[in-house]
1. So how do 176, 104 line up by other beta-carbon neighbours within 10 Å, fewest first?
2. Any idea what Rg and Dmax come out to for segment 1-81 if you just take the C-alpha atoms, in Å?
3. Using a 10 Å cut-off around each Cβ, can you sort 43, 59 from fewest to most neighbouring Cβ atoms?
4. Once R0 is set to 41 Å, what does the formula 1/(1 + (r/R0)^6) return for the Cβ-Cβ distance between residue 23 and residue 286, expressed as a FRET efficiency to the nearest 0.05?
5. How high is the FRET efficiency from residue 179 to residue 255, r the C-beta distance, R0 35 Å, rounded to 0.05?
6. Could you state the per residue volume, in Å³, of the convex hull enclosing the Cα atoms of the chain?
7. Based on a Kirkwood Rh over C-alpha pairs, give the Stokes-Einstein translational diffusion coefficient of segment 212-266 at 25 °C and viscosity 0.890 mPa s in µm²/s.
8. Counting only the backbone N, which residues of segment 19-53 are under 18 Å from the spot 7 Å out from the Cα of residue 219 toward its beta-carbon?
Ligand SMILES: Nc1ncnc2c1ncn2[C@@H]1O[C@H](COP(=O)(O)OP(=O)(O)OP(=O)(O)O)[C@@H](O)[C@H]1O
C-alpha cells in the first residue's frame with residue numbers, strides 16, 4: 001500500500017489556484033520531497049494532506065484514509081512538524097511529550113518507554129526536565145521531531161523543517177530526521193526550497209505555480225540535463241566561446257564564473273577542449289582553471305522553468321497567522 005496517494009488535488013483561494021490538479025504517490029518508508037520556490041503551493045498541499053485545509057477538488061488518501069471523508073483517522077496516523085514552534089514554552093520537554101501522549105491516547109507505560117527512546121534519538125535525554133523556554137531553536141525543532149513520532153505515525157509531515165535555522169543546526173536536524181526514518185521506518189513527506197535538502201530524498205516532486213513539473217529520483221532528475229557541466233576560465237572567455245563553437249561544434253555559455261559547457265561525458269571532453277583552447281588559437285589562450293561537475297537540482301529547475309529557485313523566506317509570524325487562519329476555517 002502507498003502511504004500517500006493524491007489524485008488531481010486542487011486548492012483555489014477565490015479566483016487564484018494555489019495547487020492545480022496535483023497527482024502523486026508516496027511509497028511506505030519513502031523519504032519524499034516537495035521542492036519549489038516560495039509561493040509554489042508546497043504548504044497548501046501539505047496542509048490539505050494533513051487535513052488542515054479542504055481541497056477544492058481532487059482527492060487524497062493518507063495512511064489508507066480519505067483526507068476529506070475520514071479526517072480523524074488521517075490525523076491519528078500522521079505526525080506534524082511545521083516551522084512555527086507549537087511547543088509549550090513553560091513546560092519541560094518531558095511534559096510537552098506527556099501532553100501530546102495524552103491527546104493521542106498513548107498509554108502511560110508505553111509513553112514512558114517511547115519518550116525516553118525518542119529523547120535519546122534526538123540527543124535531548126539530558127534536557128528532559130528542563131523548561132522548553134531555555135532551549136535553542138535547534139533543540140526545539142529536535143523536540144518537535146521526537147513529539148511528532150510519539151504516537152508512532154505512519155507518515156511524518158515536515159513543512160520546511162529547517163527554516164530559520166543556521167547551517168550547522170540544519171545539518172544536525174537532517175541527521176536526526178534520517179536516523180528517525182531509519183529506526184522507525186516512518187514515511188517522511190517534507191517540503192523545502194533548499195536544493196541540498198531535496199537531494200536527500202528518495203524522490204522529489206518539483207512544484208512551480210501550483211503544478212508538479214517533474215517527479216523522479218534526484219539522479220534521474222539531474223540526468224535530464226544530459227550529462228556533465230564543465231566550467232573553464234581562460235585569459236579571454238569571449239574568444240574561448242568562439243573557438244569551442246568553431247573547432248568542436250559545442251554550444252558554450254559565457255557566465256560570470258567562466259565558460260559553461262554541457263556534455264554527456266565531460267571527463268572525455270576535457271582533453272579535447274584543452275587541446276583546442278591551448279593550441280591553434282592565435283594569440284594562444286591561457287586556461288586558468290577547468291572544473292567538471294555533475295548537474296545540480298538548481299540546473300534542473302532552471303532548465304524546466306527558466307528561473308532559479310530564490311531564497312526568500314516568509315517570516316515565521318506570517319506563517320503562524322496563516323496556520324491559525326487555516327485551522328479556524330475548517
Ligand atoms: N489562505 C490563503 N488565502 C489566499 N491565498 C493563499 C492562502 N494561502 C496561500 N495562498 C497563496 O497560494 C500560493 C501558494 O502558497 P503556499 O504557501 O502553498 O506556497 P509555498 O510553496 O508553501 O511557499 P512558501 O514557502 O512561501 O509558503 C501563494 O501565492 C499564496 O499567496
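1. Values: 176 19, 104 15.
So the residues, fewest neighbours to most, are 104, 176.
2. 12.0, 37
3. The most exposed by this proxy come first: 59, 43.
4. Working: r = 53 Å, r/R0 = 1.29.
The calculated FRET efficiency here is 0.20.
5. Numbers: r = 39 Å, r/R0 = 1.11.
It comes to 0.35.
6. Working: hull volume 51.9 nm³, N = 330.
Per-residue hull volume (Cα only) is 157 Å³.
7. Estimated via Stokes-Einstein, D reaches 196 µm²/s.
8. Only 30-33 pass the distance filter.
Coordinate-derived values only; no laboratory data. As the structure is a computational prediction, the values presented were derived from the model and not from experiment. So basically every Cβ, Gly included, is an ideal-geometry build from the backbone, and we count neighbours across all protein chains shown.
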